[in-house]
Amino acid sequence: MSKTDLQYIWHPLTQMKEHEEFAPLKISKGKGIYLYDDEGKKYIDAISSWWVNILGHCNPEINKKIKEQLDLLEHVIFAGLTHEPAEQLAEKLIEITHDKLKKVFFADNGSSAVDAALKLSYQYHQQTGNTQKKKFVFLKDGYHGETIGALSMGGCDLYKKRYRHLLIKGHMAEGPECAACPYELDRKTCDAECFEKMEKLLREHHEECCGVIIEPMVQAAGGMKIYSPAYLKKLRNLCYELNVHLIADEIAVGFGRTGKMFGCDHAAICPDIMTLSKGLSGGYLPISVFLTTSEIYEAFYDDYSSGKTFMHSHSYCGNPLGCAAGIAAINLLQKGKYIETAPLKEEYIYSSAEKLENLPYVNNFRNIGTIAAFDTDPDFYDEKKGRFAWTFFRKALENGAL
Ligand SMILES: *Cc1c(COP(=O)(O)O)cnc(C)c1O
C-alpha cells in the first residue's frame, strides 16, 4: 500500500475514493510481457497500458536506440529545425503506409494528433473554396481521445456526456452493430449493409462537413467492436464522391493490432488523413503523428503572406527520443515478421477462447489479430460482489494477470 501515492497523486479515469478499499498497485519493473510489483509478484501485462506497449516492456533493442539518442540530442524545437531520428521515422512511416500518404506531421500524443487532424481538414476546406464546411461526422461508440476536439468526435457517453456543453458540435452516425446485427448478417461475409445509415447522414449534411473520423476495423475503447472492411470501402468511396475527408484514427489499431499493419489495409483504402500514436513508440514515449496526402499538403503550400500556413504545434513535436523509439519499434515489427505471423496468433487466441464458452458472464467472444474481447452483463456480480469489472480486475490480479 503506497501512502505517498494517495497523499499526492490524482489518477486518470479514477474515482479516487475507490482506492480507500484497494490502493493502486505499485509497479517497480517490467520485462517482456511481465510487470513486477514492489513485492516481486509478476503479472502478465495483458492490457499493455491500453495497447501501447505492443512489443513488451524494456525491449533491449528499443532501450539501446533510446540510450544512443539520449547521448546525442534529447530535444530541439521542430519549427525551422530538423534531426536524423525525425527524418528516419517519417521516411519509414511513408514506406509502410499507403502510397498516397506523402507527408508526416508530428504531434506528441494521440488526442493532440486528432485535434491537429481536425484543424487540418477544416483549414483545407476553408482555403479551397468550401468555407461552409465546418463540421465533422463521427460514429456512435467511437473514441478519439479526451481533449476538447478529440472528445467532441467521441461517441461514448461515458467519457463525453458530462462535458457535452463544452464540446464542438458534429453529427453522430449510427455505426456497425455486429454483435447484434439488425440485418441478421455476419461481419465476415456481409457487405456492410449498415452503411446505409452513414450514407443517409452524409448525403444530407456533406455540404457543411469537412470530414468523417473513424477507427478502422475495430472501435476500440468504445467496446472492442469489430466490423467489416466493406464498411471502410463504402465510406472511402462516398467521401471521395462528396468531397469529405476520411480521417482514419489508427491510434489504437495501427501497427499490427488487427493482423495487418494498419486497419485500413484490410480494405486496401487510403484515408486523407491518418493518425498514429500508442504503439508508434512501442509504448515508450509520448509521440504521435498524422500522415496526409500531397493534395492536402499542396493546399497549404504558398507564400507566407497567403495566410495558408498550418498554425499548429506542440512543445514536444518530433521529440528525438520518441522518434528513436519509433524507428526501433517499426524495425522490430518488420524483423519479427509480426504481420506475417498474425494469422497464427489470431487462430491461437480463437481456439484458446473455447475455455470461456461455458462461463455465464461471457457473451459474444470475438477476435481479430491480437485483439480479443467479450461482452459481459454489467450487473452479473452485483448483489454479492459489487461491480463486475472491479471484481474481475482484482481476481485477475490475484491470478497474475492485469
Ligand atoms: C487512445 C486513443 C486516442 C487518444 O490518444 P491519447 O494519447 O490517449 O491522447 C485517440 N484515438 C484512439 C483510437 C485511441 O485509442
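What accessible surface, in Å², does a 1.4 Å probe find on Asp303, ignoring ligands, DNA and RNA and rounding to the nearest 10?
My reading of the accessible area for Asp303 is about 110 Å².
If r is the Cβ-Cβ distance from Ser306 to Gln132 and R0 is 30 Å, what FRET efficiency results, to the nearest 0.05? List each step's numbers first, then the result.
Details: r = 21 Å, r/R0 = 0.69.
Step by step, r from the Cβ atoms, then E = 0.90.
Might you report the magnitude of the Cβ-based charge dipole of the chain about its Cα centre, with Lys and Arg at +1 and Asp and Glu at -1, to the nearest 20 debye?
Numbers: 47 positive and 54 negative charges, 86 e Å.
Computed charge dipole of the chain: roughly 420 debye.
Per DSSP helix of 4 or more residues, -39500 (n - 2.57); summed, then divided by the residues of the chain. What does that give at 222 nm, rounded to the nearest 500?
Working: 14 runs with 132 residues, N = 402.
The helix contribution divided over the chain gives -9500 deg cm²/dmol.
Between His312, His266, His205, find the one with the highest GNM mean-square fluctuation for the chain; connect C-alpha pairs within less than 10 Å.
Of His312, His266, His205, the most mobile in the Gaussian network model is His312.
With respect to the cross-link table entries Lys31/Lys67; Lys200/Lys234; Lys169/Lys197; Lys134/Lys200; Lys3/Lys395, which display a Cα-Cα separation exceeding 21 Å?
Where the Cα-Cα span goes over 21 Å, the pairs concerned are Lys3/Lys395.
Which order do peptides 222-233, 315-326 fall in by mean Cβ count within 10 Å, highest first?
Going from most to least packed, we get 315-326, 222-233.
Among His171, His144, His314, what's the order by accessible area (1.4 angstrom probe), most exposed first?
Most to least solvent-accessible, the answer reads His314, His171, His144.
Ordering Glu61, Glu295 from largest to smallest accessible area (1.4 angstrom probe), what's the sequence?
Details: Glu61 85, Glu295 115 Å².
The most accessible residue leads, giving Glu295, Glu61.
Using heavy-atom solvent-accessible surface (probe 1.4 Å) with all chains present, what is the largest-first order of Arg257, Arg203? Numbers along the way, then the final one.
Values: Arg257 30, Arg203 105 Å².
Sorted by accessible area, descending: Arg203, Arg257.
What's the extension gain from Glu199 to Lys169 if we count 0.36 nm per residue and subtract their Cα-Cα distance? Spell out each step's value before the answer.
Details: separation 30, 0.36 × 30 = 10.80 nm, distance 1.93 nm.
Separation in residues times 0.36 nm, less the Cα-Cα distance, equals 8.9 nm.
Given a cut-off of under 8 Å on Cα pairs at least six residues apart, what relative contact order in percent is computed for the stretch 14-90?
19 percent
Under the rule a/c < 1.5 gives rounded, and otherwise a/b versus b/c splits prolate from oblate, where does the stretch 1-93 land using the Cα gyration tensor?
prolate
On full extension of the chain, what length is gained from Trp390 through Tyr183, given 0.36 nm per residue of separation minus the C-alpha to C-alpha distance?
71.1 nm
What length, rounded to one decimal in nm, is gained on full extension from Lys100 through to Asp375, with 0.36 nm per residue of separation minus their alpha-carbon distance? Please report the intermediate quantities before stating the final value.
Working: separation 275, 0.36 × 275 = 99.00 nm, distance 3.74 nm.
Going from the current span to full extension adds 95.3 nm.
Can you tell me, using C-alpha contacts under 8 Å and at least 6 residues apart, the relative contact order of the chain as a whole percent?
Relative contact order of the chain: 20 percent.
Keeping all protein chains in position, work out how much accessible area Asp186 exposes to a 1.4 Å probe, and write it in Å² to the nearest 10.
Number for this one is 80 Å².
I'd like the distance separating the alpha-carbon centroids of the stretch 103-158 and the stretch 1-78, in whole Å.
Using only Cα atoms to place each centre, the spacing works out to 29 Å.
Taking amide hydrogens as modeled 1.01 Å from N in the peptide plane, which residues meet the under 5 Å criterion relative to Ile168, leaving out close sequence neighbours?
Amide H neighbours of Ile168: Ser152.
Val52: accessible area at probe 1.4 Å, nearest 10 Å²?
That residue has around 30 Å² of solvent-accessible surface.
The values are calculated or read from the model by the stated rules, or taken from the named source; none is laboratory data. Nothing here was measured: the structure is a model prediction, and the numbers come from that model. Cβ: placed from backbone, ideal geometry, glycine included. Neighbour counts: every protein chain shown. Accessible surface is based on the protein model in full, side chains and every heavy atom, while ligands, DNA and RNA are left aside. Shrake-Rupley method; radii C 1.70, N 1.55, O 1.52, S 1.80 Å.
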